[in-house]
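Beneath this line is the structure, given in structure tokens, with notes to follow.
The values are calculated or read from the model by the stated rules, or taken from the named source; none is laboratory data. Note that the structure is predicted; figures quoted are calculated from it, not measured. Every residue, glycine as well, gets a Cβ built from its backbone with ideal geometry; the counts of neighbours run over all protein chains shown. All accessible areas refer to the heavy atoms of the entire protein, side chains included, with ligands and DNA or RNA removed. Shrake-Rupley method; radii C 1.70, N 1.55, O 1.52, S 1.80 Å.
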Amino acid sequence: MRGGGNMQQMMKQMQKMQKKMADEQEKLKEEKVEGTAGGGMVKVVVTGHKEVVDVVINEEVVDPEDVEMLQDLVLAATNEAMNKADELTAERLGKHTKGLNIPGMM
């Protein structure tokens with residue numbers, strides 16, 4: 001049967017790629033990115049797995065008369081951090097799928 005070796009070689013490459021991607025995903029757990037808002041008055045730190053690990057709020061921005069603004073700043077910083085985590089993941093995993101046209105993959 002012609003092409004059988006080709007298919008076997010492709011399967012080996014896929015397994016190798018999956019292993020590298022699994023390793024990268026494990027490393028992403030340790031990577032941290034941060035989002036800020038209000039000129040750095042609020043900072044949110046997340047891992048590459050999008051787990052919030054730290055929230056820092058400068059006391060100057062804490063105003064009991066304007067809790068809504070503080071909520072907006074925390075929300076904005078969190079969204080920025082999550083977007084950075086998505087970008088980091090796409091960058092790290094994308095390098096392993098570059099040039100491949102596999103349906104369902106990045």
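The table below gives the values:
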read-out	value
Residues of segment 21-37 satisfying the condition of being in a helix (DSSP H, G or I) and either loosely packed, with under 15 Cβ neighbours inside 10 Å or free of Cβ contacts under 8 Å to residues at least 60 places away in the same chain (or both)	ALA22, ASP23, GLN25, GLU26, LYS27
Which listed residue is on the phi < 0 side of the Ramachandran plot, at pLDDT 95 or above and open to solvent by 60 Å² or more (accessible area, probe 1.4 Å), from LEU70, LEU100, LEU75	LEU75
Flag if VAL55 is open to solvent by less than 60 Å² (accessible area, probe 1.4 Å), modelled with pLDDT of 95 or more and over 21 Å from GLY94 (Cβ atoms)	no
